[in-house]
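Engineer: This structure is in structure tokens; I'll ask about it shortly.
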Amino acid sequence: MHGEKIPKKKVNDIYYKYISYENINKIWNIVRKTCKNKKGVYRFSVNQCTNIYNIYLSLLNGTYKPMPFKIFMIFEPKPRLVMSQCVADKIVNHFVANYYLIPYLESKLIDSNVATRKGKGSNYAEKLIKDYINEIRIKYPNKDIYTLKIDVSKYFYNINHERLIIKLEKYIDDKKVVDLIKSILNETNKDYVNNEVVRLNKKYGTNIPEYKHGVGLSIGAMTSQFLAIFYLNDLDHFIKEDLKCKYYIRYMDDFLIFDINKDKLKNIFEIIKIKLEEEKLDINPKSSITNLKYGISFVGYKYVIKEKHFKQKYKSKTICKINKKLKVLRKNDILKYYKSYGSYYGYLNKVKTRERNFKMKSLEKYNYYKSKYLKYIVLIKEGSFYKTYNEDAIIIWNFFNYKWYKDHIAFSISSSMKVFDYLTKLGIGYIVIDEEELLNNGNEELYDLYLKISNIKYDEFKRKNEIFSLVERLIKKGRIKEIEDSLKKLEVVYEGK
């Protein structure tokens, strides 16, 4: 979708180039997988072909008009406004971003403008910081490193529509494309938006800013994300090329510049202030220059040079927020709790810290699902294995003779289809807990029957193991008479089989 050759000059006549039923259907397939509004996705899918065709016609005829946002508040990590679009508007937003913005503007962005870009994001910001600091330390081993950190105040609410359109028209010379983008931007000018902001502020005692006419991007739309990283592109190039700031990163409205010369950074700070004023933006008073030995925080981590060692740590606030969120989820939504637990484990695993042991307990997850699916075999994916416990483990052991690991049976992903197919063939229901739940229905009476058979064999297995263990202990102690008695018991077990 983004692989086309990028023209060096202005592009024109691209509006109709991409408008087709097939392209809109491609975007729908992306949106339906990522959209959190599952009810909206379902309603759209009921008349999928008609809805996609209607979007196609509205774009083709130039009659597309966005529907009003559904506006609400979220409170983690801090109170924020969310402006949710209907599914059709999400499709149009993704269409505009994927066919008109990213293919023609992505190449204009500097490498260290990292927010919400494919292959970049917070991971890439983290990598750049480490690379920059290590490079400076090698070049100037005995010098202090200073950081200029700038934060733009209320960035999304203060992006000027007129200036943004002028910036877009430097590269896109197609009136229909620009008009379509204007119609998306113009939605924040509608009276209902500020009416809802005022209502929510009054309800929750928050201080979310109101939208000024011709200023501000909607919160949450894909076009808004890309236009926000594009809006300061000229300033990015100025900082890198004119001010010669080699060690520069921008993550949306947060700037970082590293240097060993504090006075140079002070001068750069004043110049950037002026440039941001020209863009109709204000700097957050928290912006400052800091010696790296005192540490700086950026995209959830704290970076510090302490006793000549460069360290990356978690912000204590980050850990507190994670613990708080997990506690709430565990109480109210156990499924989201488990998914979040896994995500946080990956996030915390980057840094050597005691908080990194956020490993999910598969037994706990097993018990939760088993309480819901009593007559199903519950299989929990963990890494490259599937695990199961208790009576389900006994059944799997009986069928496949897999080795016992303390309290569970595990088998590899490569063996999983053999297990699934055999259970299906026998008519036993099972549920697989992977990224999504896979439920295969079966006969509950058959589950009970095979559990009974498996328990009989398992009891024999345990008795044999107990006798063998006893014999080993007696051999070590040289107690011959007791060994003979134990072996006779073992013969009885085999005869019983």
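Engineer: Hey, can you tell me all the residues within segment 188-217 that are in a loop (DSSP other than H, G, I, E, B) and either more than 28 Å from the chain's Cα centre (by Cα) or among the basic types (Lys, Arg) (or both)? Step through it out loud before you land on a result.
Structural biologist: Quick first cut of segment 188-217, residues in a loop (DSSP other than H, G, I, E, B) only: 190, 205-214, 216-217.
Of everything in segment 188-217, those that are in a loop (DSSP other than H, G, I, E, B) and either more than 28 Å from the chain's Cα centre (by Cα) or among the basic types (Lys, Arg) (or both) turn out to be LYS190, GLY205, GLU210, TYR211, LYS212, HIS213, GLY214.
Engineer: Would you check if ASN93 is farther than 30 Å from LYS311 by Cβ, in contact with a helix residue (DSSP H, G or I) (Cβ under 6 Å, 6 or more places away or on another chain) and not in a loop (DSSP other than H, G, I, E, B)? Spell out how you get there, then give the answer.
Structural biologist: Details: farther than 30 Å from LYS311 by Cβ: yes; in contact with a helix residue (DSSP H, G or I) (Cβ under 6 Å, 6 or more places away or on another chain): yes; not in a loop (DSSP other than H, G, I, E, B): yes.
Here the answer is yes, as ASN93 does meet what is asked.
Engineer: I'm checking my understanding of the structure. Among residues of segment 396-429 that are part of a strand (DSSP E or B) and aliphatic (A, V, I, L, M), which one is most open to solvent (accessible area, probe 1.4 Å)?
Structural biologist: Taking segment 396-429 as the starting set, the residues that turn out to be part of a strand (DSSP E or B) are 404-405, 408-412.
Those left that are additionally aliphatic (A, V, I, L, M): 409-410.
Values: ILE409: 0, ALA410: 18 Å².
Ranking the qualifying residues of segment 396-429, first place goes to ALA410.
Engineer: When you go through (1) open to solvent by less than 60 Å² (accessible area, probe 1.4 Å); (2) at pLDDT 95 or above one by one for SER84, which number turns out not to apply?
Structural biologist: Of everything listed in (1) open to solvent by less than 60 Å² (accessible area, probe 1.4 Å); (2) at pLDDT 95 or above, SER84 misses just condition (2).
Engineer: With the requirement that a residue be part of a loop (DSSP other than H, G, I, E, B), of a type outside the set (A, V, I, L, M), open to solvent by less than 30 Å² (accessible area, probe 1.4 Å) and in contact (Cβ under 8 Å) with a residue 40 or more places away in the chain, what does segment 222-270 give you? Step through it out loud before you land on a result.
Structural biologist: Step one: list which residues in segment 222-270 are part of a loop (DSSP other than H, G, I, E, B), which gives 232, 243-247, 252-253, 260-261.
Narrowing the set further to residues that are of a type outside the set (A, V, I, L, M) leaves 244-247, 253, 261.
Keeping just the survivors that are open to solvent by less than 30 Å² (accessible area, probe 1.4 Å) gives 245, 247.
Within segment 222-270, TYR247 is the sole residue that qualifies.
Engineer: Right, next: Name the residue, out of LYS273, LYS313, that is assigned to a strand (DSSP E or B) and over 18 Å from ILE136 (Cα atoms). Give the steps one after another, and end with the answer.
Structural biologist: Values: LYS273 fails: assigned to a strand (DSSP E or B).
The conditions single out LYS313.
Engineer: Is it the case that GLU307 is over 30 Å from LYS212 (Cα atoms) and either touching a residue at least 60 places away in the same chain (Cβ under 8 Å) or among the acidic types (Asp, Glu) (or both)? Explain how you work it out, then say what you get.
Structural biologist: Details: over 30 Å from LYS212 (Cα atoms): yes; either touching a residue at least 60 places away in the same chain (Cβ under 8 Å) or among the acidic types (Asp, Glu) (or both): yes.
Spelling it out, GLU307 is indeed over 30 Å from LYS212 (Cα atoms) and either touching a residue at least 60 places away in the same chain (Cβ under 8 Å) or among the acidic types (Asp, Glu) (or both).
Engineer: Is one or more of the residues making up segment 336-346 at pLDDT 85 or above, under 30 Å from TYR447 (Cα atoms) and not in a strand (DSSP E or B)? Spell out the reasoning first.
Structural biologist: Of segment 336-346, the ones at pLDDT 85 or above are none.
No, because not a single residue in segment 336-346 is at pLDDT 85 or above, under 30 Å from TYR447 (Cα atoms) and not in a strand (DSSP E or B).
Engineer: Could you check segment 198-218 and list, in sequence order, the residues that are buried (at least 20 other Cβ atoms within 10 Å of the Cβ) and either of a type in the set (A, V, I, L, M, F, W, C) or at positive phi (or both)?
Structural biologist: If the condition is that a residue be buried (at least 20 other Cβ atoms within 10 Å of the Cβ) and either of a type in the set (A, V, I, L, M, F, W, C) or at positive phi (or both), then GLY216, LEU217 are the ones that fit.
Engineer: Would you pick out the residues in segment 347-394 that are basic (Lys, Arg) and either surrounded by fewer than 19 Cβ atoms within 10 Å (Cβ to Cβ) or at pLDDT 85 or above (or both)?
Structural biologist: So the first thing to find is which residues in segment 347-394 are basic (Lys, Arg), and the list is 350, 352, 354, 356, 359, 361, 365, 370, 372, 375, 381, 387.
Selection gives LYS350, LYS352, ARG354, ARG356, LYS359, LYS361, LYS370, LYS372, LYS375, LYS381, LYS387.
Engineer: Okay, next question. Among the numbered criteria (1) open to solvent by 70 Å² or more (accessible area, probe 1.4 Å); (2) polar (S, T, N, Q); (3) under 29 Å from ILE71 (Cα atoms); (4) in a helix (DSSP H, G or I), which single criterion is violated by ASN123?
Structural biologist: (3)
Engineer: Now a separate question. Suppose we filter segment 24-62 for residues that are assigned to a helix (DSSP H, G or I) and either among the charged types (D, E, K, R) or open to solvent by 100 Å² or more (accessible area, probe 1.4 Å) (or both); how many remain?
Structural biologist: Taking segment 24-62 first, the residues assigned to a helix (DSSP H, G or I) are 24-34, 38-46, 48-60.
Within this subset, residues satisfying the condition of being either among the charged types (D, E, K, R) or open to solvent by 100 Å² or more (accessible area, probe 1.4 Å) (or both) are 26, 32-33, 38-39, 42-43, 53.
Residues that pass the stated criteria total 8.
The values are calculated or read from the model by the stated rules, or taken from the named source; none is laboratory data. On a predicted model such as this, the values are computed, not experimentally measured, just so you know. Methodologically, a virtual Cβ is constructed for each residue, glycine included, from the backbone with ideal geometry; neighbour enumeration extends over all protein chains shown. The area values use the complete protein model at the heavy-atom level, side chains included, leaving out ligands, DNA and RNA. Shrake-Rupley method; radii C 1.70, N 1.55, O 1.52, S 1.80 Å.
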